[in-house]
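Peer 1: Here's a structure for you.
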Amino acid sequence: MYNKILVFLEQRNDEIKKQSLEAARKGFQLSKELNTELIGIVVGNEIKNLNIVSEHGLEKVIHLKNSKLKNYSSTAYSKLISDFAKENNFNLLLFSHTSMGKDLAPIVAAKLKAGYGADCVSITFKENNLIFERPIFAGKAIMNFSLNSEFKVLTIRPNTVSLTENGYNVNTNVEVIEVPESNLDLRSLTVDYVKSEGKIDVAEADIIISGGRGMKGPENFYLLEEIAQLLNGAVGASRAVVDAGWRPHSEQVGQTGKTVSPKLYIACGISGAIQHLAGMSSARCIVAINKDKDAPIFQVADYGIVGDVLEILPVLKEELKKYVN
């Protein structure tokens, strides 16, 4: 029923992204359960750390290579991936639910006339059918669904697959396919990416400390930055904070920002509007600090502190210093 599984390995600046390794592991688990073939596919030029996939279950990787593919192009990437899937009978395609994956996967699905499932947090095999699970209604409910199309394209929510479990080490064979320029559908060309130096992307962080209106002003976010640095985490923000110009949109967590699933999420001065909860409610552990004891954030929090966030954060920082380093 499921001939082959194809995992898209996202690369940025010639390096495989962590979230793709999670998709690879999920693909490995499914290939064993379904007794089917699994390979990875990466599109780009030079890839510095391609050998890392051997730790996550991929025995074979196809590298579609051309110097003009170094940076992401939705038209070029989608054409190459969909053509490869059709020509080689891959009918279950896995992407990570990142900014690139959210853009690329539905285009590939359209080209393949595939059923599409976004932001999946679980995939199980029951009664000879794959069942997918994803949050809906801004995280207020969980939907289980299946797809009856020949091709199936899914995106996997980051941080929902453990990368620490053993048993995934394999010998990886990399097949490089030089893509002729005549086969590139490059309608636009990204020249370069500019990344904030020294900052961890909230979408990739295991620990996130986010601030809302309760921080009272942009001048107080240094408290979050200091704690984030102590914990090797990232600073996030609510939409209200971003709309006010206190923090950049790249840090926004929520329905109109980034969806995150860290191991630890600390919400500081965030009331917990449904749009924000949609972006972080799947965190493994949620700590909320808010002076309003009836704030909705406490309904999803594992631990809650009622009080002024500007008084609590300095104390929290000093206590953390005792256990870090």
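Bear in mind these aren't lab numbers, they're just calculated from the coordinates by the rules spelled out. Just so you know, these numbers come straight off a predicted model, no measurement behind them. For neighbour counting, all protein chains shown are included, and Cβ atoms are generated from backbone atoms with ideal geometry for every residue, glycine included.
Peer 1: 222 nm [θ] for the chain, helices only, -39500 (n - 2.57) per DSSP H run of 4+, per residue, to 500?
Peer 2: Dividing the helical sum by the residues of the chain leaves -7500 deg cm²/dmol.
Peer 1: Find how much the distance from Asn88 to Lys32 grows on full extension, using 0.36 nm per residue of separation minus their present alpha carbon separation; answer in nm with one decimal.
Peer 2: Gain on extension, Asn88 to Lys32, equals 18.2 nm.
Peer 1: Taking only Cα atoms and a 10 Å spring cutoff, compute GNM fluctuations for the chain and point out the largest among Ser250, Ser78, Ser271.
Peer 2: Ranking Ser250, Ser78, Ser271 by mean-square fluctuation puts Ser250 first.
Peer 1: Can you give me the distance in nm between label points at Val194 and Asp14, each placed 7 Å from the Cα along the Cα-to-Cβ direction?
Peer 2: Label at Val194, label at Asp14, 2.2 nm between them.
Peer 1: Does the stretch 207-321 come out rounded, prolate or oblate by the C-alpha gyration tensor, with a ≥ b ≥ c the root eigenvalues, rounded set by a/c under 1.5 and, if not, prolate when a/b is larger than b/c and oblate if not?
Peer 2: Rounded, because the longest to shortest axis ratio a/c is under 1.5.
Peer 1: Another question, if that's okay. Can you list the aspartates and glutamates whose alpha carbon is less than 12 Å from that of Lys86, not counting same-chain residues fewer than 8 positions off?
Peer 2: Glu150
Peer 1: If you consider only alpha-carbon coordinates, what radius of gyration and Dmax does the chain have, in Å?
Peer 2: Rg and Dmax of the chain, Cα atoms, are 20.8, 62 Å.
Peer 1: Evaluate the stretch 4-183: find the radius of gyration of its Cα atoms, find its Kirkwood radius, and give the ratio Rg to Rh.
Peer 2: Reported Rg/Rh, Kirkwood definition of Rh: 0.94.
Peer 1: Now, a different point. Can you give the extra length, in nm with one decimal, that the chain gains between Cys285 and Lys113 once fully stretched, where that is 0.36 nm per residue apart less the Cα-Cα distance?
Peer 2: Between Cys285 and Lys113, full extension yields 58.1 nm more.
Peer 1: Another question, if that's okay. Sort Cys268, Cys285 by Cβ crowding within 10 Å, fewest neighbours at the top.
Peer 2: So the ranking, lowest neighbour count to highest, is Cys285, Cys268.
Peer 1: Report, ordered by chain and residue number, the aspartates and glutamates lying within cross-link reach of Lys216, taken as a straight Cα distance under 18 Å and ignoring same-chain residues fewer than 8 apart.
Peer 2: The reachable aspartates and glutamates, counting only those whose Cα sits under 18 Å from Lys216, are Glu225, Glu226, Asp243, Glu251, Asp292, Asp308, Glu311.
Peer 1: What is the helix-to-structure angle for 309-321, meaning the angle in degrees between its Cα long axis and the longest Cα principal axis of the chain, kept from 0 to 90 and rounded to the nearest 10?
Peer 2: Tilt of helix 309-321: around 70 degrees.
Peer 1: Treating only the Cβ of Lys, Arg, Asp and Glu as charged (+1, +1, -1, -1), what charge dipole size does the chain show about its Cα centre? Round to the nearest 20 debye.
Peer 2: 460 debye
Peer 1: If I fit a long axis through the Cα atoms of helix 222-231 and take the longest principal axis of the Cα atoms of the chain, what angle between them do I get, 0 to 90°, rounded to 10?
Peer 2: 60 degrees
Peer 1: Let me ask something additional. Excluding residues on the same chain fewer than 8 positions from Lys70, give the lysines whose Cα lies under 20 Å from its Cα.
Peer 2: Lys17, Lys18, Lys48, Lys79, Lys102, Lys195
Peer 1: Another question, then. For a Förster distance of 25 Å, can you work out the FRET efficiency between the beta-carbons of Asn51 and Asn166, rounded to the nearest 0.05?
Peer 2: Here the calculated transfer efficiency is 0.85.
Peer 1: For each of Thr259, Thr75, count neighbouring Cβ atoms within 10 Å of the residue's Cβ, then give the residues from fewest to most.
Peer 2: Thr75, Thr259
Peer 1: Antiparallel as a % of all DSSP beta bridges within the chain, to the nearest 5?
Peer 2: 20 percent
Peer 1: In addition: Mind checking the full-extension length gain between Asp302 and Asp243? Use 0.36 nm per residue of separation minus the Cα-Cα distance, one decimal, nm.
Peer 2: Extending this stretch completely gives an extra 18.4 nm.
Peer 1: Let me ask something else about it. For the pair Ile142 and Val179, how long in nm is the line joining their label points, each one 7 Å along Cα→Cβ?
Peer 2: In this crude label model, Ile142 to Val179 measures out at 3.7 nm.
Peer 1: Kindly express, to the nearest 10 degrees and within the range 0 to 90, the angle between helix 74-87's C-alpha long axis and the longest C-alpha principal axis of the chain.
Peer 2: It is inclined by approximately 50 degrees.
Peer 1: May I pose another question? Using Cα pairs under 8 angstrom and six or more residues apart, how large is the relative contact order of the stretch 207-321, in percent?
Peer 2: 25 percent
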